[in-house]
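Inspection log for the structure reproduced underneath, given as structure tokens.
A short reminder: the numbers here are calculations on the coordinates, not readings from a lab. Model, not experiment: these values are computed from the prediction. Positions of Cβ are generated from backbone atoms using ideal geometry, with glycine treated the same way; all protein chains shown enter the neighbour counts.
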Amino acid sequence: MASPPPLTSPLIFLLLLTALSATTSSADTCTNQKLTDGSNSNKLYSNCMDLPHLTTFLHWTHNTTNSSLSLAFVASPPNAGGWISWAINPTGSGMAGAQTLVAYKDGSNGAVTVKTLDIKSYSELVPGKLSFEVWGLKGEVSGAAITILANVKVPEKATTLNQVWQVGPSVTAGRISKHDFAPENLNSKGTLNLIGGQSIGAGGVDSRTKKKNIHGVLNSVSAYAIGVAGWATGLKLGSESAGIVYSVHRNIGIALFCLATIQMFALFIRPKKDHKYRYFWNIYHHSFGYTIIILGIINIFRGFQILNPLTKWKSTYIVVIAVLGAVALLLEAITWIVVWKRKSSTKSYDGYNSGQSRQQPLNM
């Protein structure tokens, strides 16, 4: 049997991939975005924020001398012909009452069209003048991203504003379609701190999401490293045991290593939650994960047959697996309950319950 590869090789490769992923994702932040003022010169703002939902970004400068807000909202529609919007809600925290800026690319020439929209209620959307003054309104396009540039009048001595943002799939003959009702869309609202803080009351703080990602990557790398160590140890034992071959145990181990390596790449190829291919990624990720768990359990029992340890060790392992399985089933049931409740609440969102008419596409 060939000698095993150095243990450090796959780990170094994985760490390099992690570093590359971190570098790539860091470019997708507001601090690395270069904005212009409609010409080729850079447009600078005092503050910027990575909004926590729909992969959107806000740049702004609060001018206290004339109580105005100079802003740039950057987002990518879910489809090439889609739309983006950013709004201030003077009366509430949701969509009803939002004074909205909507932008989309014109299908004829590719230029960006920006409109104003007063959402008086979930069933009444009025294009035209907003409740506050707006000037310098224009849009830009860079790749798949659209940027809304504007100056808006804000109340004197105001320190916070209720903001709402959204993206939609299509615009047909000036009529914008309704947006999706996934959690990402429903939670795209929060509080903008004009002083320059990163407060996003309704949606959580973006740094928390980054900490979650770091937590997931670190745990994945640790688990993968332990698996690689076990795999390399098995290869070493095989090379030192001439004439002794446990084909099934060995083949399952190699399959597990390959599947786990492919599963690690899920970290780097995961589409955004609102991406059309996210559904297929979920199938791949979950099917590989369950396969790894099942094969891992089977291979441990194959190892018991090889080692023939005391019965208590095998019994202990069975008890541990049973407990973990019960906990997993309980958590799975809780997850489905949460999903069901979210779907139920979605049905009554934005006037889509039985007592209100459905919102129709808006003729801009």
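Pulled fully out, how much extra length does the chain show between Tyr277 and Tyr290, if you take 0.36 nm times their separation in residues and subtract their Cα-Cα distance?
Length gained, Tyr277 through Tyr290: 2.6 nm.
When the distances between all Cα atoms of the range 70-136 are binned every 10 Å from zero, what whole-number percent does each bin get?
Histogramming the range 70-136 at 10 Å steps yields 19, 48, 30, 3 percent.
Given the peptides 49-62, 170-183, arrange them by the average over their residues of other C-beta atoms within 10 Å, most packed first.
Result, highest mean first: 49-62, 170-183.
When the expected Rg is taken as 2.2 N^0.38 Å, what fraction or multiple of it is the alpha-carbon Rg of the range 44-91?
1.33
Going by average Cβ neighbours within 10 Å, how do the peptides 107-118, 68-79, 223-234 rank, with the highest at the top?
Averaged packing, sorted descending, gives the order 68-79, 223-234, 107-118.
Which whole number in µm²/s is D for the range 289-343 by Stokes-Einstein, with the Kirkwood Rh taken over Cα pairs at 20 °C and 1.002 mPa s?
162
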